[in-house]
Amino acid sequence: MLYFDNASTTKISKSALDTYTKSSELFYNPSALYLPAVKVSKELENARNFFLKYFNADKGSTFIFTGCATESNNSVLKSAITRKDKKYIFSAGEHSSVHNTAKYYQELGYNVVFIPLKSNGSIDISKLECELDDSVALVSCIHVSNETGAINDIKEIVRMVKSRCRNALVHADGVQAVGKIKIDLTDLGVDYYTISAHKIHGPKGIGALYIKNINKFKPFIIGGEQEKGLRAGTENIPAILSFKTALEELKIKDYTKLKETIISNLNCDYKLVSTDNCVSNIISICFKGVRAETIQHMLEGYDILIGTGSACNSKAGLNRVVSQLVPREYAQGAIRLSFEDVTIEECKQVAEELSSAVNQYIKRIK
């Protein structure tokens, strides 16, 4: 089976799985006061400190561990969106956990603004700049698009926002950025940053949220005093320590040669969605007059697994992000190839089978 849907999820690594299994024996509640529990609490804090150091976090900042990136994103928005006389700005290319939450608040009457994307899939910074004024309370922009792989210049966005909107907070969803580009939180200057374990060969069910200033954050989940009082609920120690292991063994790699191999071996009519300023492990590609789901199932018959965009929206019909960038007749045929440790020959095979499937489909409907 050839797996080309790593942006959806990754296989947990052997080391991360071993850590999860072994640390499951550390079943004591880290909030308890007896010695075995205190030792677990120390393991938890060691992991938190590792995350802070790994991402070069600001002094005085913290990471809290959450159930997933969706929870992290929701936590930021529900903390920041509090007043109807303030403005809340989002890129039009956000993950559904941000986009749909923003739409929810918009329907409640909050002043929510979506900034359109440029043709390459990144946020239109010039249009963002036009929306910046003293009423802005939050700007949220995905770091790397989960749909197209387009990279947004978060550092420049933070600089622009902070220079024009004195009290505005900036959040970035970094789920697809971790392991693909270097992330230095102090350099980026963000107030919040979201990451997830299962995108980097860690376990599912564990995410983390960087919080620059805990005094500006209001907890989403209320209850006990876990996570410095910022996220109630007993911590998932095996998942947290497994997440740490996944980060420890993570290496940024360049997949450009693999990407070029796939594109150069396509033998059908296609349209690339994002062609520049993208991560090297994601290809978003469209086929005119083709239904992506059909192509996906055709390739599955050849033991090749590909995506049709974000797995969170795989049943939602037309791809929300891609449909902003290409005509409708192409958007309905949008697929996403996301890959890691595959060979040149496997990339050629995928390109050839994909081309064959598309050509067969088109021949049938004519």
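The values are calculated or read from the model by the stated rules, or taken from the named source; none is laboratory data. Since the model is a prediction, treat every value here as computed from it, not as a measurement. Here Cβ is always computed from backbone atoms with ideal geometry, including for glycine, and neighbour counts include all displayed protein chains. All accessible areas refer to the heavy atoms of the entire protein, side chains included, with ligands and DNA or RNA removed. Shrake-Rupley method; radii C 1.70, N 1.55, O 1.52, S 1.80 Å.
Apply the a/c threshold of 1.5 to the C-alpha gyration tensor of segment 1-157 and tell me whether it is rounded, prolate or oblate.
Prolate is the answer for segment 1-157, as a/c is 1.5 or above and a/b outweighs b/c.
For Asp269, tell me the accessible area in Å² from a 1.4 Å probe, rounded to the nearest 10.
Estimated to the nearest 10 Å², Asp269 gives 90 Å².
For segment 1-154, with every protein chain kept in place, what is the accessible area per residue (1.4 Å probe, Å²)?
On the way: 6800 Å² over 154 residues.
On a per-residue basis, 44 Å².
Looking only at the chain, where both bridge partners belong to it, what percent of the DSSP beta bridges are antiparallel (to the nearest 5)?
Expressed as a percentage, antiparallel bridges in the chain total about 50.
Under a Cβ-only charge scheme (Lys and Arg +1, Asp and Glu -1), can you give me the dipole magnitude of segment 221-366 about the Cα centre, in debye to the nearest 20?
Details: 18 positive and 19 negative charges, 150 e Å.
Here the size comes out at about 720 debye.
Kirkwood-based Rg over Rh for segment 16-85 (C-alpha set), two decimals?
Using Cα coordinates only, the ratio equals 1.08.
Roughly what angle does helix 344-365 make with the longest principal axis of the chain, taking Cα atoms, 0 to 90 degrees, to the nearest 10?
Roughly 60 degrees, rounded to the nearest 10.
How many angstrom lie between the Cα centre of segment 144-184 and the Cα centre of segment 198-271?
Computed from Cα coordinates, the inter-centre distance equals 15 Å.
Quick check for me: using +1 on Lys/Arg Cβ and -1 on Asp/Glu Cβ, what's the dipole size of the chain about its Cα centre, in debye to the nearest 20?
So the magnitude is around 680 debye.
Using only the alpha-carbon atoms, what does segment 197-354 span along each of its principal axes? Please give whole angstrom values in decreasing order.
So the extents along the principal axes, rounded to whole Å, are 58, 34, 31.
Taking Cα pairs under 8 Å and at least six residues apart, what relative contact order does segment 108-173 come out at, in percent?
Dividing the mean separation by the residue count of segment 108-173 yields 35 percent.
Among Leu35, Thr66, Ile115, whose Cα lies farthest out toward the positive end of the dipole of segment 25-115, if unit charges sit on the beta carbon of Lys, Arg (+1) and Asp, Glu (-1)?
Towards the positive end, the residue furthest out is Ile115.
What percent do you get for the relative contact order of segment 82-136 when only Cα pairs under 8 Å and 6+ apart count?
Details: 63 pairs, mean separation 23.0, N = 55.
After rounding, I find 42 percent.
Would you work out which of Ala172, Ile151, Ile206 lies farthest towards the positive end of the dipole of the chain? Charges go on Cβ: Lys and Arg +1, Asp and Glu -1.
The residue sitting most towards the positive pole is Ala172.
Would you work out the relative contact order for segment 248-366, in percent, from Cα pairs under 8 angstrom that are 6 or more residues apart?
Dividing the mean separation by the residue count of segment 248-366 yields 37 percent.
Tell me the per residue accessible area of segment 251-366 using a 1.4 Å probe; a whole number in Å² is fine.
For segment 251-366, the solvent-accessible area averages 51 Å² per residue.
Cross-link partners among aspartates and glutamates for Lys84, C-alpha distance below 20 Å, same-chain residues fewer than 8 apart left out?
In chain and number order, the partners are Glu107, Glu131, Asp133, Asp134.
Put +1 on the Cβ of every Lys and Arg and -1 on every Asp and Glu Cβ in the chain; which of Val279, Val322, Val98 then has its Cα farthest towards the positive end of the dipole?
Val98
Residue by residue through segment 71-80, what is 3J(HN,Hα) from phi via Karplus (6.51 cos²θ - 1.76 cosθ + 1.60, θ = phi - 60°)? Round to whole Hz and write x for glycine and proline.
For segment 71-80, the Karplus curve yields 5, 4, 5, 4, 4, 5, 5, 6, 7, 8 Hz.
So which trypsin sites (Lys or Arg not before Pro) in segment 172-269 end up in coil per DSSP with only 16 or fewer other C-beta atoms within 10 Å? The partial results should precede the final answer.
Values: sites: Lys180, Lys182, Lys199, Lys204, Lys212, Lys216, Lys228, Arg231, Lys244, Lys251, Lys253, Lys257, Lys259; in loops: Lys180, Lys182, Lys199, Lys204, Lys212, Arg231, Lys251, Lys253.
Here the sparse-neighbourhood loop sites are Lys182, Lys204, Lys251, Lys253.
DSSP loop trypsin sites (Lys or Arg not before Pro) in segment 24-64 with at most 13 other Cβ atoms within 10 Å of their Cβ, which ones?
The qualifying sites are Lys59.
For segment 247-287, which GluC sites (Glu not before Pro) pass both filters: DSSP loop (anything but H, G, I, E, B) and at most 16 other C-beta atoms within 10 Å? Mind showing how you got there, number by number?
Numbers: sites: Glu248, Glu249, Glu260; in loops: Glu249.
Here the sparse-neighbourhood loop sites are Glu249.
Please get the size of the charge dipole for segment 1-124, origin at its Cα centre, with Cβ charges of +1 on Lys and Arg and -1 on Asp and Glu, quoted in debye to the nearest 20.
260
Using a 1.4 Å probe on the protein heavy atoms, what percent of the accessible area of segment 326-366 belongs to carbon and sulfur? Numbers along the way, then the final one.
On the way: 970 of 2090 Å².
Summing carbon and sulfur atoms, their accessible area is 46 percent of the total for segment 326-366.
Report Ser41's accessible area, 1.4 Å probe, all protein chains in place, as a number in Å² to the nearest 10.
30
Check cross-link reach from Lys257 to the lysines: straight Cα distance under 23 Å, and skip same-chain residues fewer than eight apart.
Lys11, Lys180, Lys182, Lys199, Lys271, Lys348
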